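The values are calculated or read from the model by the stated rules, or taken from the named source; none is laboratory data. Not measured: the values here are computed from a predicted model. Heads up, the Cβs are rebuilt from the backbone with ideal geometry, glycines too, and the neighbour counts pull from every protein chain shown. Keep in mind that these areas ignore ligands, DNA and RNA; they rest on the heavy atoms of the full protein, side chains included. Shrake-Rupley method; radii C 1.70, N 1.55, O 1.52, S 1.80 Å.
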Amino acid sequence: MSHTELPIPNTQKSGALIICLHAGIRREFQDYLSALLGNYIRFDILDPYQIHDPSQIQDYSCILFASSRTREAFPIPVPEHITQLICTRTFNPVSLDQIIRIPQGSSVYLVNDTRDSVLDILGQLKDAGITQYHFVPFYQGCTQTDESIQYAITLGEPQLVPRHVPNVINIGNRIIDISTIHDLCTCFQLPSSLTNQITRTYVNRILQIIQLTGTHYTNYVFSQQLLQAVISNLNVSICLMTDEGRISMVNRAFCQDWNIPENGCMDSLFSSWLPSQYASHNFCQSADYQLVSRSGLRRHLSVLQLSLPGHKPLYLLSSQPVSSSPAPDITPVDVRDPSSDFYRLNSGFDSILSVSGRVLNMLEYARRLALYDFPVLIQGENGTQKKKIATAIHKTSSRRQNPLIIFNSLYTGLEAADQLKLADTGTLLIDGVERLSLSTQDTLISILQNTMDDLDIRIIATTSQDLYQDVLDGRFREELFFLLNAASIDTIPLRERREDIPVLMELFFRELFHDPNIRLKDLISSSLMNFLTNYDYPGNIQELFNLSRYFFSLYSAHPLVLSQLPSYIRSRVNQPVSESSVLKNQVLSLIAETPRIGRGTILTALTEKEIAVSDGKLRGLLKELAEEGLIRVGRTRSGCEITELGLASIRH
């Protein structure tokens, strides 16, 4: 964390002593406070049971106790000249991203070492608006468990979570609250400008989390006035816009970018402050643009829709300058005017097509993640476009002008080091993170903990496995799992978004035929389309794309039918006729060879093949085949005809 250098005050107070029973938390407190205030205060740490003599503490101006319990356990009296502070702690706001992904209304274990600490964090979660769950306290000494509870939140005590719980969110140790920081600043008489700066940094971080998780909060924690104050103090250019395209909140940097007066612009149309060629556009959609301001400067404009429960959508606008000529990866918004200076960037999200509500929600969440520098873990089955989503996040992020390096999980030693250097200032995409060696995992832990000062890398990782199970089995570092899981995306298999199958297949065909007007119904018969819509696609979208290429190679002016399915799929269609395969296949073959064949002719042909069957049994079999959709039985003397499904079912 970086801070503006301020003059060190003239004070004779020497330092602060942190007293904590837990060695790991002591070190964490020391690192956290030293990063914030280390230029002004020296922070030392001690176990209270190591203190035996007043001389050990007499040179300190302040003692910071980790809790009231620690204060009570302190073995010696504290001299009056030493200020005593009891640390106020709160949960890390970054963990909200993981918590709010739990389905609303779920029962959730809240796990920590003592009952008091569990009740304390329960109150903090409620204060933060997390009231949509039924929290069940669980702490050391609890023995009764509820097998129906599938989720648990723990504060750095995963070993205490009941073993049957499959979904565990470890939000780590609680961080020091801003009120304790203020108490230290007051105690050491630090400049008010430093206190204000620390407050701004803290509130900005809270704001980011609120924006990131806004679609899931049950109430909006900050008032309009506080939100405007925070936006005004951000260094980046930020504007909040209503669903009518009107400015709701804006900061000075954004006004300067677009030549907007700071006074009098509220509730005005954002497009009204742009050159006339943009007047008809309201920018109420998530997208990235290149625009020319009224001063003639070309700028990036990023627009992100924020969907808040019970409220109309808001749009978060941010901007930054670009070079004088358009980047290569852009397209004009108004294709009727190729000379237009109105460009929308091909962010990568535009190429991910879906009409599924679940997928659209997942993509909107991924767009929000692109705004921040969190590490991201993308989990899902093979073929669900994990790498494509990761690429889109990079292309929409502040690092989009810097490299995206795809890291081979088999790299070790010098190869791995070279890839990390190439990704400096950019994004490292680790495809198949579960295959990383333990030594490479240790290197990534160092990067994510900012201990490798010469590298500035955002990490996005993908996995098709249950990574936490790998942690439990000792194949994956637990620390790396929780570092990567700062934000996670779960992709959706194609069998759970069947409405996308015809949409995607038509897109693939249009690309393969180089014809934007081609229609799926002209290429695929209705029976084949019905089968494809209900097929489970173990290979997901990649399998659907490969299948589209296969059909493209077969197409010859007539709609494709079921019998033209690839053999590996066609073998699955045979399953409905597996039990009485000999007789059924003989009957199906006769019907296929002789359209409109009657039952009497079928009976004669079977007798000639020395297959004994009664007329009644054959009548029942034909009825069964018709019910299974393998044949059509006509009325009166029109006989039987085989269907596409029946043709595909015949064993060769």
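Accessible surface of R596, taken over heavy atoms with a 1.4 Å probe and every protein chain present, rounds to 140 Å². With semi-axes defined as the square roots of five times the eigenvalues of the C-alpha gyration tensor, the equivalent ellipsoid of segment 450-544 measures 40, 18, 9 Å, largest first. Residues whose amide H comes within less than 5 Å of that of V161, counting only those at least five positions distant or on another chain, are absent (H built at 1.01 Å from N in the peptide plane).
Of the GluC sites (Glu not before Pro) in segment 525-625, the ones in a loop by DSSP (not H, G, I, E or B) with at most 15 other beta carbons within 10 Å are E579, E610. Measuring with a 1.4 angstrom probe and ignoring ligands and nucleic acids, S34 comes out at about 50 Å² accessible.
Here the Karplus relation 6.51 cos²θ - 1.76 cosθ + 1.60, evaluated at θ = phi - 60°, turns the backbone of segment 464-471 into coupling constants of 10, 10, 7, 5, 5, 5, 4, 4 Hz, with x for every Gly and Pro.
By the equivalent-ellipsoid construction on the alpha carbon gyration tensor, segment 370-478 comes out with semi-axes of 20, 18, 12 Å, ordered largest to smallest. Amide hydrogen proximity for I524: with H placed 1.01 Å from N in the peptide plane, the residues at 5 or more positions away or on another chain lying under 5 Å are L560.
Computed over protein heavy atoms with a 1.4 Å probe, the carbon and sulfur contribution to the accessible area of segment 64-182 reaches 45%. The chymotrypsin sites (Phe, Trp or Tyr not before Pro) of segment 42-120 include none that meets both criteria, a DSSP state outside H, G, I, E and B (loop) and at most 14 other C-beta atoms within 10 angstrom of the site's C-beta. For segment 363-402, which whole percent of the accessible surface, found with a 1.4 angstrom probe, sits on carbon and sulfur atoms? Looking at segment 363-402 in its full context, I get 45 percent from C and S. The largest accessible area among I457, I121 belongs to the first residue in I457, I121, and the rest follow in falling order (1.4 Å probe, all chains). Computed from phi, the 3J(HN,Hα) profile of segment 539-553 under the Karplus parametrisation 6.51, -1.76, 1.60 (θ = phi - 60°) reads x, 6, 5, 4, 5, 4, 5, 4, 5, 5, 5, 4, 5, 4, 6 Hz, with x in place of Gly and Pro.
Using θ = phi - 60° in the Karplus curve 6.51 cos²θ - 1.76 cosθ + 1.60, the 3J(HN,Hα) couplings for segment 639-649 round to x, 10, 10, 7, 9, 4, 5, x, 4, 5, 8 Hz; x is entered for Gly and Pro. For F513, the accessible area of its heavy atoms, probed at 1.4 Å with every protein chain present, is near 60 square angstrom.
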